[in-house]
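K.L.:
Handing you this structure, nothing more for now.
Derivation of every value follows stated rules applied to the coordinates shown; laboratory data play no part. Values in this document were obtained by computation on a predicted structure and should not be read as measured data. Heads up, the Cβs are rebuilt from the backbone with ideal geometry, glycines too, and the neighbour counts pull from every protein chain shown.
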Amino acid sequence: MRGWRDRIRGSALVGVPYVWLLFLFLVPFGIVLKIAVSDTALAIPPYTPTLDLSEGWAGLKAFFADLDFENFVWLTEDDLYWKAYLSSAKIALISTFLALLVGYPIAYAMASASEEWRPTLMMLVILPFWTSFLIRVYAWIGILSQEGFLNQFLLMTGLVSEPLMLLNSPTAVYIGIVYTYLPFMVLPIYASLEKMDISLVEAATDLGCTRAKAFWLVTFPLSKPGVIAGCFLVFIPVIGEFVIPSLLGGSQTLMIGKVLWEEFFSNRDWPVASAVAIILLLILVIPIILFQRNEQNQREAEQ
């Protein structure tokens with residue numbers, strides 16, 4: 001009797017994530033995929049065909065017969081879309097690299113601090129999350145504009161003779177992205193460094209390694225899981241970012257998130273927009289699956 005109850009509890013515990021995945025990922029993905037293989041129409045909703053169960057089996061056959069992959073073919077024929085994908089990937093890669101350059105020293109300093117200071121430093125890292133994301137982006141508009149705080153400071157110190165054109169530029173986009181997603185890079189790296197045995201670094205220095213060499217041979221390899229996790233946590237949301245490039249980058253910044261918004265709301269071309277979203281999802285999911293399989297194979301090889 002007890003074993004039967006344990007099996008039910010175990011199944012329920014494992015089933016909850018699958019139910020969550022079904023209703024919050026697979027079902028929405030299926031809806032978007034269905035719209036992606038539909039055709040644009042001047043109707044509500046703005047696509048055809050729509051399934052009418054009252055027509056029975058004949059209506060179901062006609063529904064599937066009208067679905068096609070013309071929208072995916074259109075994505076390969078129009079330069080706008082592949083250029084947007086490449087531009088988004090480039091911005092996401094550079095932003096992730098910059099976030100790593102800034103975030104790793106912060107995480108290292110946090111892990112090296114005394115235990116009584118670590119909670120305070122952790123709070124300072126997550127403090128921006130206490131403010132609305134949109135408000136923080138608008139704050140950067142005030143900082144980077146020609147009459148903003150940064151230009152006023154540079155003019156006052158004499159570093160520049162005239163205001164810099166920082167807003168509506170790629171530089172503003174990178175600043176906004178790195179500032180916004182920096183905690184997602186810092187926290188995983190800090191979690192890896194905090195668990196590291198400091199005696200390993202001390203042993204390396206005792207054996208003749210310099211502090212820099214001990215860092216690259218001991219500290220950085222041990223923090224690699226946190227670095228990889230942080231890079232994924234930054235790269236994945238940045239590649240589909242819409243708010244930051246729209247507000248800080250202006251019309252010159254081409255990203256797939258902006259293209260999605262324009263297709264959905266300006267052009268009301270839901271099928272093409274859904275096809276763009278499906279391709280973006282595949283671009284993000286496939287590398288993650290390959291990485292997970294590689295990590296699993298490495299763990300099995302070590303065992």
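K.L.:
Sort the following peptides by mean Cβ neighbour count (other Cβ atoms within 10 Å, averaged over residues), highest first: 64-70, 83-89. If you can, show how the numbers build up before the last one.
P.N.:
Working: 64-70: 11.7, 83-89: 17.7.
Top of the packing list down: 83-89, 64-70.
K.L.:
Tell me, in nm to one decimal, what length is gained between Asn267 and Leu282 on full extension, where the rule is 0.36 nm per residue of separation less the Cα-Cα distance? Walk me through the numbers before you get to the answer.
P.N.:
Numbers: separation 15, 0.36 × 15 = 5.40 nm, distance 2.37 nm.
Result: 3.0 nm gained on full extension.
K.L.:
For a footprinting-style exposure proxy, rank Trp57, Trp261, Trp140 by other Cβ within 10 Å, fewest first.
P.N.:
Values: Trp57 7, Trp261 15, Trp140 21.
The order, fewest Cβ neighbours first, is Trp57, Trp261, Trp140.
K.L.:
Now for a separate question. Just one of [x] 25; [y] 20; [z] 41 is percent of Cα pairs over 35 Å apart calculated from these coordinates, so which is it?
P.N.:
Correct label is [z].
K.L.:
Given axes a ≥ b ≥ c from the Cα gyration tensor, I'd like to know whether the stretch 232-303 is rounded (a/c under 1.5), prolate (a/b larger than b/c) or oblate.
P.N.:
Because a/c hits 1.5 or more and a/b fails to exceed b/c, the stretch 232-303 counts as oblate.
K.L.:
Give me the dipole magnitude in Debye, nearest 20, for the stretch 207-303 about the Cα centre, with unit charges on the beta carbon: positive for Lys and Arg, negative for Asp and Glu.
P.N.:
420 debye
K.L.:
Taking the number of other C-beta atoms within 10 Å as the exposure measure, put Leu248, Leu127 in order starting with the fewest.
P.N.:
The order, fewest Cβ neighbours first, is Leu127, Leu248.
K.L.:
Something else now. Go ahead and run the numbers for FRET between Leu164 and Phe133, Cβ-Cβ distance against an R0 of 22 Å, rounding to 0.05. Don't skip to the end; give the middle numbers.
P.N.:
Working: r = 25 Å, r/R0 = 1.15.
Computed FRET efficiency for Leu164 and Phe133 comes out at 0.30.
K.L.:
Putting +1 on Lys and Arg Cβ atoms and -1 on Asp and Glu Cβ atoms, find which of Ile228, Val27, Ser112 reaches farthest to the positive end of the dipole of the chain.
P.N.:
Ser112
K.L.:
Could you bin all the Cα-Cα distances of the stretch 195-277 into 5 Å bins starting at 0 and give me the percent of pairs in each, rounded to whole numbers?
P.N.:
Binned Cα distances yield the sequence 3, 13, 15, 12, 10, 7, 6, 8, 8, 8, 6, 3, 2, 0.
K.L.:
May I pose another question? Among the lysines, select those whose C-alpha is under 17 Å from the C-alpha of Lys213, and discard any that sit fewer than 8 residues away in the same chain.
P.N.:
Lys224
K.L.:
Another one. Sort Tyr138, Tyr18, Tyr81 by Cβ crowding within 10 Å, fewest neighbours at the top.
P.N.:
On the way: Tyr138 14, Tyr18 10, Tyr81 19.
Least crowded to most crowded, the residues run Tyr18, Tyr138, Tyr81.
K.L.:
I would also like to ask the following. Which residue, Trp82, Leu290, Phe215, has the largest displacement toward the positive end of the dipole of the chain when charges sit on each Cβ (Lys, Arg +1; Asp, Glu -1)?
P.N.:
Phe215
K.L.:
In debye to the nearest 20, how big a dipole does the stretch 78-302 give about its Cα centre with +1 on each Lys and Arg Cβ and -1 on each Asp and Glu Cβ?
P.N.:
Values: 12 positive and 17 negative charges, 16 e Å.
With Lys and Arg at +1 and Asp and Glu at -1, about 80 debye.
K.L.:
How would you rank 189-202, 169-182, highest first, on the average number of other Cβ atoms within 10 Å across their residues? Each step should come with its number before you reach the end.
P.N.:
Details: 189-202: 16.2, 169-182: 20.7.
Packing order, densest peptide first, comes out as 169-182, 189-202.
K.L.:
So what is the 222 nm mean residue ellipticity for the chain from helices alone, if each DSSP H run of at least 4 adds -39500 (n - 2.57) and you divide by all residues, rounding to the nearest 500 deg cm²/dmol? Can you show the working numbers first?
P.N.:
On the way: 14 runs with 205 residues, N = 303.
Dividing the helical sum by the residues of the chain leaves -22000 deg cm²/dmol.
K.L.:
Here's something else I'd like to know. Suppose the chain between Leu217 and Leu60 were pulled fully straight at 0.36 nm per residue; how much longer would it get relative to their current alpha carbon spacing?
P.N.:
Working: separation 157, 0.36 × 157 = 56.52 nm, distance 6.19 nm.
The Leu217-Leu60 span can extend by a further 50.3 nm.
K.L.:
Right, next: Taking the alpha-carbon distance from Lys83 and a cut-off under 30 Å, which lysines remain once sequence neighbours fewer than 8 residues away in the same chain are dropped?
P.N.:
Lys34, Lys258
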